[in-house]
Amino acid sequence: MLGRQHATAYAGALHAACMNEPHTAAGVTIAAFDHGRRERLHELLASGAIPHPLLTLEAADAWMEEAADLPVAFYKDANPRNFLITGTAIAVVDFDSITLAPFGYDLAKLIVTTAMTTGPLDEDIVQQALATYNSHLQDGDLCRCSAHQLAAWTEFHHILTTPYMDTHGYRFGWHTVRPAWISDHLLRHGGRSPPPRHHHPPHPRRASPTRRSDPL
């Protein structure tokens, strides 16, 4: 588990990290964003086992390359079972699958897994959650997560979490509870890929990890 002292060290060091390269600080290494994730997305999309995905293989790759140029945060399995609420305090557990990730990737996982566990979420609550998340980022002079980015990250989690349906409390497929504005953001204006920015050099592909006890 990543202790508070290690987490504080990372908060001050991640600004210099590259999303698709592993990052080491305070004696702890955090895996790159694309470590195993790209290959697993390809595997699941190619299998045809994901119901109604809004991302194609090409779009998933484009978003992975887009992420390489975004400011770096870190991600751990953000499902509701990993947040313990006691009074006004929140404790976060389960850091086994920690990786680098763009801002908003953790929020997207929490939204997807909560909906897959409890059923459809009020769209106003989802949008309020994004606004609150971004307000804290703004207070810290950190990069905000756009609604378009959040929509893409929810689709990453739809693909990566669907194999866990009917386990860990997942009772509702994301494709059945996906808020309409997620679809709108990904499908409007001609595509599901991120808007063009500039050319990204290709990143090396890494082998998928053999341990998959947690969704990526």
Only listed residue being over 21 Å from L130 (Cα atoms), modelled with pLDDT of 85 or more and assigned to a strand (DSSP E or B), chosen from I85, I30, I50: I30
Matching option when the condition is modelled with pLDDT of 95 or more and assigned to a helix (DSSP H, G or I), among H148, H157, H185: H157
Enumeration of residues in segment 23-39 that are free of Cβ contacts under 8 Å to residues at least 60 places away in the same chain and either open to solvent by less than 10 Å² (accessible area, probe 1.4 Å) or touching a strand residue (DSSP E or B) at 6+ places or on another chain (Cβ under 8 Å) (or both): T24, T29
Single condition A9 does not satisfy, out of (1) of a type in the set (A, V, I, L, M); (2) part of a helix (DSSP H, G or I); (3) at pLDDT 90 or above: (3)
Matching residues, segment 65-83, being under 16 Å from H168 (Cα atoms) and either out of contact with any Leu (no Cβ under 9 Å at 6 or more places or on another chain) or not aliphatic (A, V, I, L, M) (or both): D77, N79, P80, R81, N82, F83
Cβ pairs under 6 Å, 6+ apart, first in segment 142-157 and on the phi < 0 side of the Ramachandran plot and of a type in the set (F, W, Y), second part of a helix (DSSP H, G or I) and buried (at least 17 other Cβ atoms within 10 Å of the Cβ): W153/Y105; W153/A108
Of the criteria (1) assigned to a helix (DSSP H, G or I); (2) over 24 Å from G173 (Cβ atoms); (3) of a type in the set (G, A, S), which one A59 fails: (2)
Residue check, V177 touching a Pro at 6+ places or on another chain (Cβ under 6 Å), more than 25 Å from L70 (Cα to Cα), at pLDDT 90 or above and open to solvent by less than 30 Å² (accessible area, probe 1.4 Å): yes
Test: residue in segment 40-50 that is surrounded by 17 or more Cβ atoms within 10 Å (Cβ to Cβ), hydroxyl-bearing (S, T, Y) and either within 18 Å of M165 (Cβ to Cβ) or in contact with a Ser or Thr (Cβ under 8 Å, 6 or more places away or on another chain) (or both): no
Residue satisfying condition, being over 14 Å from the mean Cα position of the chain (by Cα) and touching a residue at least 40 places away in the same chain (Cβ under 8 Å), within set G104, G173: G173
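The values are calculated or read from the model by the stated rules, or taken from the named source; none is laboratory data. On a predicted model such as this, the values are computed, not experimentally measured, just so you know. Reconstructed Cβ throughout: ideal geometry from the backbone, glycine too, with neighbour counts over all protein chains shown. The area values use the complete protein model at the heavy-atom level, side chains included, leaving out ligands, DNA and RNA. Shrake-Rupley method; radii C 1.70, N 1.55, O 1.52, S 1.80 Å.
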